[in-house]
Amino acid sequence: MPRRLAAGNWKMNGTRGNLSELDALMARHPAPSVDLLLCPPATLVTQAADRVAGHPMFIGAQDCHPAPSGAHTGDLSAAMLADAGAGAVILGHSERRENHHETNALVCDKVMAAQAAGLIALACIGETLEQREGGQTLQVIAEQIAQSLPDGATPENTVIAYEPVWAIGTGLTPEIGQIAEVHDFLRQALSDRFGSGNGNGFRLLYGGSVKPANAAEIFGVDNVDGALVGGASLRADDFSPIIDALENT
C-alpha cells in the first residue's frame, strides 16, 4: 500500500506569527508513521521549511506557473518554489479552476513544470454539485484524470486529491459510499493508464470538509490514502487529531 499522507492547505491564511502552529505539530508528532505536508502561503514557504528542518514534515506551495521563467508579473515558477524550500505544490485546486479559469490542459502543464523542478505535484480533481446531481461525477473525474495528468506521472512525483467542489469549506461531506465509489474508480483508471504496478502506487487523498469528527471513518475507506485538509489544518489542535486518525486507521 502507498505510504499515507496528511496534507494541509492554508490557502490565503497565515502570517509569520502562525508558524508557531508548526512547532506544536512537530511536538505532537515527533516521529509520524505517515507523511506530513503543510502548504502555507508563498510568503511563508522559506520560513516554514527552515522551521521544520530536521523533522519528517515537509513544506509545499499552493500553485506555480507552467513556465520556468519569463514576463509573468506576480507569478512563481516551480523552480523558484523548490529554491524557496518547497518539496511539493498543490495544482488544479477547484478554487484555482473556478476563480482563475484553469483548464485541465493548464493544470497538466503545471504538473509537468512541477515534476521538472523536482517537486511532488499534488493534482486536485472533483465535481461540482450540479455535476453530481446530474449523474456526471465519474465522467468528470475520468476527464480530469485523463487531461490533467501527463504521461510522465508516477507514484513518486504525483499525488491525486479528490475534492468534491460542493464539499470544500461548506461543512458538507459526501456519503462514505460516494467517496468509496470515486476512489475505487480512480484506482482503476490509474491502473488502466499507467499499469497496475504504478496505478496501485499512487496516493489518493480525499479532501472536502475533513475534520477530527469524520476523519477516522473516511480513512477507513479502501483506496483513501490520506487527506488534503483545508481549514482544519490551520491550527495544530484541529490538524493533529486528523493525523492521529490517519495513523491509527
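Scanning region 12-57 for residues that are on the phi > 0 side of the Ramachandran plot and crowded, with 16+ Cβ neighbours inside 10 Å gives a single hit, Gly14.
Kindly check whether there is at least one residue in region 174-181 that is farther than 22 Å from Leu37 by Cα, touching a helix residue (DSSP H, G or I) at 6+ places or on another chain (Cβ under 8 Å), buried (at least 19 other Cβ atoms within 10 Å of the Cβ) and at pLDDT below 95. Yes, there is a match, as at least one residue in region 174-181 is farther than 22 Å from Leu37 by Cα, touching a helix residue (DSSP H, G or I) at 6+ places or on another chain (Cβ under 8 Å), buried (at least 19 other Cβ atoms within 10 Å of the Cβ) and at pLDDT below 95. Scan region 117-148 for residues that are small (Gly, Ala, Ser) and either crowded, with 17+ Cβ neighbours inside 10 Å or part of a loop (DSSP other than H, G, I, E, B) (or both) and jot them down. Result: Ala117, Gly118, Ala121, Ala123, Gly126, Gly134, Gly135, Ser148. Go through the residues of region 60-70 one by one and say whether even a single one is touching a Cys at 6+ places or on another chain (Cβ under 8 Å), within 30 Å of Ser191 (Cβ to Cβ) and either in a strand (DSSP E or B) or without any contact (Cβ under 8 Å) to a residue 12 or more places away in the chain (or both). Yes: region 60-70 contains one or more residues that are touching a Cys at 6+ places or on another chain (Cβ under 8 Å), within 30 Å of Ser191 (Cβ to Cβ) and either in a strand (DSSP E or B) or without any contact (Cβ under 8 Å) to a residue 12 or more places away in the chain (or both). Residues that are touching a strand residue (DSSP E or B) at 6+ places or on another chain (Cβ under 7 Å) and among the acidic types (Asp, Glu) within region 146-198 comprise just one, Glu163. Without any contact (Cβ under 8 Å) to a residue 60 or more places away in the chain, hydrophobic (A, V, I, L, M, F, W, C), buried (at least 19 other Cβ atoms within 10 Å of the Cβ) and in contact with a helix residue (DSSP H, G or I) (Cβ under 7 Å, 6 or more places away or on another chain), is that true of Ala114? Considered against the rule, which asks whether it is without any contact (Cβ under 8 Å) to a residue 60 or more places away in the chain, hydrophobic (A, V, I, L, M, F, W, C), buried (at least 19 other Cβ atoms within 10 Å of the Cβ) and in contact with a helix residue (DSSP H, G or I) (Cβ under 7 Å, 6 or more places away or on another chain), Ala114 comes out as yes. Note on region 194-210: among residues that are more than 12 Å from the chain's Cα centre (by Cα) and under 27 Å from Glu175 (Cβ atoms), the one that is surrounded by the most Cβ atoms within 10 Å (Cβ to Cβ) is Val210. When restricted to residues that are under 20 Å from the mean Cα position of the chain (by Cα) and touching a residue at least 60 places away in the same chain (Cβ under 8 Å), region 9-21 contains 6.
Filtered by the rule that a residue be at negative phi and surrounded by fewer than 18 Cβ atoms within 10 Å (Cβ to Cβ), region 91-103 gives Glu98, Asn99, His100, Thr103. Filtering Leu119, Leu172, Leu129 for residues that are free of Cβ contacts under 8 Å to residues at least 40 places away in the same chain and under 22 Å from Ser233 (Cα atoms) leaves a single hit, Leu172.
The values are calculated or read from the model by the stated rules, or taken from the named source; none is laboratory data. What you are looking at is a predicted structure, and each value in this text was computed from that prediction instead of being measured. When we count neighbours, we look across all protein chains shown, and the Cβ atoms used for this are built from the backbone with ideal geometry, even at glycine.
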